[in-house]
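Step one of this worksheet: look at the structure below.
The values are calculated or read from the model by the stated rules, or taken from the named source; none is laboratory data. Values in this document were obtained by computation on a predicted structure and should not be read as measured data. Cβ atoms come from the backbone with ideal geometry, glycine included; neighbour counts cover every protein chain shown. When the accessible area is computed, the model is the full protein with side chains, heavy atoms only, and any ligands, DNA or RNA have been set aside. Shrake-Rupley method; radii C 1.70, N 1.55, O 1.52, S 1.80 Å.
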Amino acid sequence: VKEIDYNEEGAYLRDLFSGGFSFQREGEKMQFTSSTGVQYLADRMQMDQDYTPDSIFFLKQKQNIQSLTQEFVFRSNNEKKYQWVAGLFGFYKDLKINSPMEFRSGAMDMLQGYMDAAKIANPAMPTITILNESMSIPGQFNNLAYGLAVYHESTYNITKKLSFTAGVRLDYEKTNIDYETSATLNTRIKVSPSPFAPLIYADSTYCVSGTQSNEFWQVLPKAAIKYD
């Protein structure tokens, strides 16, 4: 509802390639279809994340996705009362994200304000002065996922207008992520208000990294009565 007001311009650039190939063969009793899909995406985004004229947060993100899907489908090719379809589906996706966050001068002023407020509330605590003019917080995320599914569906046409369908699909998927991020704060600490008290310089680095993974199994049944 207000005019956009920020101090750094944002941008988004994307390169995308998507393609597919389909093959079909028909026999007297069965039809076979193969469908292959590939996708490549690379994008670059920069954003003034505080959306204000102050220099507080700024994000630059690069993302790269490569994916592949493949499906094989077999189905009956006749006009009998019993019809069926069966298939196999698989996918693979590799996603890499590099998203460093930049704490600019306004953010450092905010952090210093919290330190000063804590000192006022607790006079006995040391005086902590932040020396960073800015602070970069890298963010690296690698996500790999793949899955497989097999399914079957049978339809029996009781009459020309009434049919019954039953089917089941078994799905498996596994996904994992590797992540790494860190932040370093440079500080000057004065333990005592005495002018003779020594100053302590400390660099505090906080790191988070690791790997997480999970896998999923799912059985999806289906039953339907159709009247046309």
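Within segment 193-206, is there a residue that is open to solvent by 100 Å² or more (accessible area, probe 1.4 Å) and of a type in the set (A, V, I, L, M, F, W, C)? There is at least one residue in segment 193-206 that is open to solvent by 100 Å² or more (accessible area, probe 1.4 Å) and of a type in the set (A, V, I, L, M, F, W, C). Just the residues that are in a strand (DSSP E or B) and under 19 Å from Leu131 (Cα atoms), please, taken from segment 192-212. Answer for segment 192-212, where residues must be in a strand (DSSP E or B) and under 19 Å from Leu131 (Cα atoms): Leu199, Ile200, Tyr201, Ala202, Asp203, Ser204, Thr205, Tyr206. Filtering segment 172-192 to residues that are open to solvent by less than 40 Å² (accessible area, probe 1.4 Å), over 30 Å from Tyr146 (Cα atoms) and under 32 Å from the mean Cα position of the chain (by Cα) leaves Ala183, Leu185. Restricting Pro198, Pro138, Pro221 to residues that are free of Cβ contacts under 8 Å to residues at least 24 places away in the same chain and not small (Gly, Ala, Ser) narrows the list to Pro198.
Restricting attention to segment 66-86, the residues that are within 30 Å of Arg14 (Cβ to Cβ) and of a type in the set (Ser, Thr, Tyr) total 2. Return the residues of segment 137-168 that are of a type outside the set (Gly, Ala, Ser), in a strand (DSSP E or B) and farther than 30 Å from Lys80 by Cα; say none if nothing qualifies. Those that are of a type outside the set (Gly, Ala, Ser), in a strand (DSSP E or B) and farther than 30 Å from Lys80 by Cα: Ile137, Gln140, Phe141, Asn142, Asn143, Leu144, Tyr146, Leu148. Of the residues making up segment 108-133, just one is open to solvent by 50 Å² or more (accessible area, probe 1.4 Å), small (Gly, Ala, Ser) and closer than 25 Å to Phe57 by Cβ, namely Ala117.
Answer yes or no as to whether Gln31 is open to solvent by less than 50 Å² (accessible area, probe 1.4 Å), among the polar types (S, T, N, Q) and over 29 Å from the mean Cα position of the chain (by Cα).
Details: open to solvent by less than 50 Å² (accessible area, probe 1.4 Å): yes; among the polar types (S, T, N, Q): yes; over 29 Å from the mean Cα position of the chain (by Cα): yes.
Yes; evaluated as a whole, the condition is true for this residue.
Filtering segment 66-83 to residues that are open to solvent by 70 Å² or more (accessible area, probe 1.4 Å) and either modelled with pLDDT of 95 or more or within 34 Å of the chain's Cα centre (by Cα) (or both) leaves Gln66, Leu68, Phe72, Phe74, Arg75. Note on segment 129-167: among residues that are closer than 30 Å to Ala107 by Cβ and aliphatic (A, V, I, L, M), the one that is nearest to the chain's Cα centre (by Cα) is Ile137.
Within the set Lys2, Lys93, the sole residue that is open to solvent by 90 Å² or more (accessible area, probe 1.4 Å) and either of a type in the set (D, E, K, R) or modelled with pLDDT of 95 or more (or both) turns out to be Lys2.
Among the candidates Gln24, Gln61, the residue that is free of Cβ contacts under 8 Å to residues at least 60 places away in the same chain and surrounded by 15 or more Cβ atoms within 10 Å (Cβ to Cβ) is uniquely Gln61.
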